[in-house]
1. With a probe of 1.4 Å, find how much accessible area the range A:318-384 has per residue, and write the answer as a whole number in Å².
2. Quote to one decimal, in nm, the extra length available between A:Met788 and A:Lys227 on full extension: 0.36 nm per residue of separation minus the C-alpha distance between them.
3. Shape of the range A:289-499 from its Cα gyration tensor (a ≥ b ≥ c, root eigenvalues): rounded if a/c is under 1.5, otherwise prolate when a/b > b/c, or oblate?
4. Which distance in nm do the two modelled labels at A:Thr764 and A:Lys555 give, with both placed 7 Å along the Cα-to-Cβ direction?
5. So how much slack lies between A:Ser537 and A:Ser624, counting 0.36 nm per residue of separation and subtracting their Cα-Cα distance, in nm?
6. With a 1.4 Å probe and every protein chain kept in, tell me what percent of the accessible surface of chain A is carbon plus sulfur.
7. For helix A:750-766, report the angle its Cα long axis makes with the longest principal axis of the Cα atoms of chain A; keep it between 0 and 90° and round to the nearest 10°.
8. By how many degrees, 0 to 90 and rounded to 10, does the Cα axis of helix A:233-243 deviate from the longest principal axis of chain A?
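The values are calculated or read from the model by the stated rules, or taken from the named source; none is laboratory data. These numbers were taken from a predicted model, which means no experiment stands behind them. Glycine gets a Cβ as well: all are built from the backbone with ideal geometry, and neighbour counts include every protein chain shown. When the accessible area is computed, the model is the full protein with side chains, heavy atoms only, and any ligands, DNA or RNA have been set aside. Shrake-Rupley method; radii C 1.70, N 1.55, O 1.52, S 1.80 Å.
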Amino acid sequence: MNKRLIIIDGNSIINRAFYALPEMTNKEGLRTNAIYGFTTMLFKIIDTYKPTHMSVAFDRKAPTFRHLEFDEYKAGRKKMPDELREQFEPLKDLLDKFNINRLEIDGYEADDIIGTVSRLGEENGYNVYIVTGDKDAIQLASDKTTTLITKKGVGEVEEYNFDSVMEKYEMTPTQFIDLKGLMGDKSDNIPGVPGIGEKTGIKLIKEYSSIENIIENVENLKGSVKKKIEENKELAIMSKRLATIIRDVPIEINLDDLEYGDYDKDKVIESFRNLGFTSLLSRLSSIDGGNETEEIESNLNIKKLENIDAFINDIKKEGKLYIDTVSRQGNILEKNIIHIFISVDGTNIYYINEEEINKLEEVLVSKEVKKFGYNLKEDYIALRPYNIKLENMHFDITIAEYLIDSASSTSYECSAIAMKYLTKKVKSKEELLGKGVKAKKYEDLELEELCDYIGKVINTVYEVYPIMEKSIKESEMDGLLYHVEMPLVEVLGEMEYQGIKVDKEKLHELGIEFKTIIKKLEQEIYDIAGEEFNINSPKQLGVILFEKLELPIIKKTKTGYSTNAEVLEKLRDKSPIIDKITEYRQIVKLNSTYVEGLLAIINPLDGRIHSSFNQTITTTGRISSTEPNLQNIPVKLEMGRNIRKVFISDESCSLVDADYSQVELRVLAHMSQDETMIEAFKNNEDIHTKTASQVFNVNMDEVTSKQRSDAKAVNFGIVYGKSDFGLSEDLHIPVKQAKEYIENYFNKYSKIKDFMDKVVENATENGYITTIQNRRRYIPELKSSNFMLRNAGKRAAMNAPIQGSAADIIKIAMVNVYKKLEERQLKSKLILQVHDELIVEAYDDEVEEVKKIVKDEMENAVNMDVHLDVDLNIGNSWYETK
DNA sequence: TTCCTCACG
DNA sequence: ACGTACGTGAGGAAA
């Protein structure tokens, strides 16, 4: 069998990778872009050339014979940036884990080691491949050695062997050395013959074949070339020597030691996880045959459940059930389940068809049976139209993974989780169903394919559970998972299933009203502009405002003029068109996003809107709402606020709206233990007035309304880590004055300053922040070398504990409110959450009880040194509950 | 798909 | 000096 030896120039490739890839860091803030690029290149090379032997050569710090011979060698090179330097050791570690040989030796460069090893390889009958980004290595190409030079970063390589070099450059690989001796090399600071460049160099080499021969025949040369050579004979010889790669470095090498093959896969997987290379885990199998994945899959036994009764006994005996439902696409209120897949041991997986769901009901609703799954909220909702409430949802791998790393850029898809924890191949939804308009639905799949997929999903849940469980315990988030996030799955599922009633007629009326105003404004804008154009196009609008009307350009975006609200505000008094545009924008937004958007999504069966509440989106722990987003329904301006009139309570019901008063500032007071602020809350003082009196040094009863509203801006600004500049913009005051406000603030609330500093310090050290419920958020940006990114990281670090703790609090309140309503067997339902606000649709005869429950549970969700305060409002529409 | 804009807490 | 508030989702334009 023919042996293939790959030798990689470690320094060259890591450099290429470093400069080719954008900054990347792992969770701890270690920069990883060069390691990542190196590894992808390594995989590609192994994949393509299937080496039997391999080695990576590195430069040593010590001076080489070249430096000794020529002081100026490689002088003037920029120092290696620390961002790259710190990646060397982790890369070498990784290579060791792959059992890939490494070579380095004092006094020689990686090039020389490569030259030596490649010679040894050739002599022992190997096919040799050299991988580098340095064209000098072309001199080593031969009929037995292929030099692979990276192109386009590290994405591709170009192959050079003897024939291809001859064809391309019309000279032999070794003649490249002579050419470089003549031309010199700027990057290595090799002088060459002054005045001789590529053109003349190639001409001379073609004619005389070597530097020595040129010198011998110098008399035959003409003119200035002759003179240049004559005067620089020594320089040319030395340059050639510097450019020559040494092929007999004094190093003991036994080629057998370079054998490539076995390595401890678990160790590599661990390293990849540490480095955050989850996407590379899947490629591990491709470079070593990948029989491991097949084995796991072939273990699975997936079939139709014949003896349901016996299996139900198994489930009850074990007290646990791995479950995944498969549904047709359809209305949330209708029965759409095709199959339910269930398992108790993770390998014997059974499915039942829709007709038999009721037989399973007993264990599904049993509180004694723990349910394990992937996206359990979907299963809960799917079962709901069958009047089955999935009980005791114990562990959901998406939610666990969200707690483990809420800031991870990867999705919480099963395929990604399987890859991260098991290095197991599970298809992504896109791979299974395709994407875009051609995407298939579950109901289009062959049963066999479906079984295979769902089987793997269930098996993944089974396999991943103990690993995740351990990790969550270690970071002390088990309480958060089992007492807050998992119980919340049912709460959110039920909220989605219930939805909120919408007055469709009213919404239509609003639409007509808005469209009339839009038409009118449109015409007025065209009149002022003197032409018709698309006002919705920032590009076209920019041309009208800044070219045709010649208004001053306040700000530019990457692609053109900025026309956002802030800019328009500054242009208000320059042209009457501005106010029209501002108003036009507002109403177009209301009409398209809220009127048209909401109309399109009202469920025809019950006239309600069923938004999705997502538990695994935000980095801070908040819930998000989609299709539609019910968390950004207008409220600030009266025109927009009218939209809230269409969200109404059902017959014989009212909406009970409860919102926390200043929850984030209370959390801040508690976490920072700032006495002044705690005291203010204890005395039920108005916190903005209090802040005004502190910042502006006046008595509480002398605070003007302007001062109060400025203080409010300062309070909010602090929570976000706002700068003096930002505050000055908001308050339209000089930066200097804003700076004073902030300094005053931190002087008076001195513990808050300490707290903020401490948070950033801890976060920089640990890599993450924590909330009052121990929720974690990693902030790798804190270790960025990029000033802007690092500052953004600091602000995130200051804000996340506050926002995240507030999210913890309302989540606990939601779970407790939900439980209480259930316990008391009330028909009233929790239907909406907007970060610090809960809405219950309460039956009129239950309103008083509901009010009490909601206020009580919200105010007592957690125990802090500052009490929580909830405002209650009742109405028949969301608009009325203000 | 990306950018810009803007709605919310 | 840097560039300037955290966290979201959605619609429309343009590429």
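1. 38 Å²
2. 196.4 nm
3. Rounded.
4. The two pseudo-label positions are separated by 2.9 nm.
5. 28.5 nm
6. Roughly 47 percent, rounded to a whole number.
7. On a 0 to 90 degree scale, this one is about 50.
8. That works out to roughly 50 degrees.
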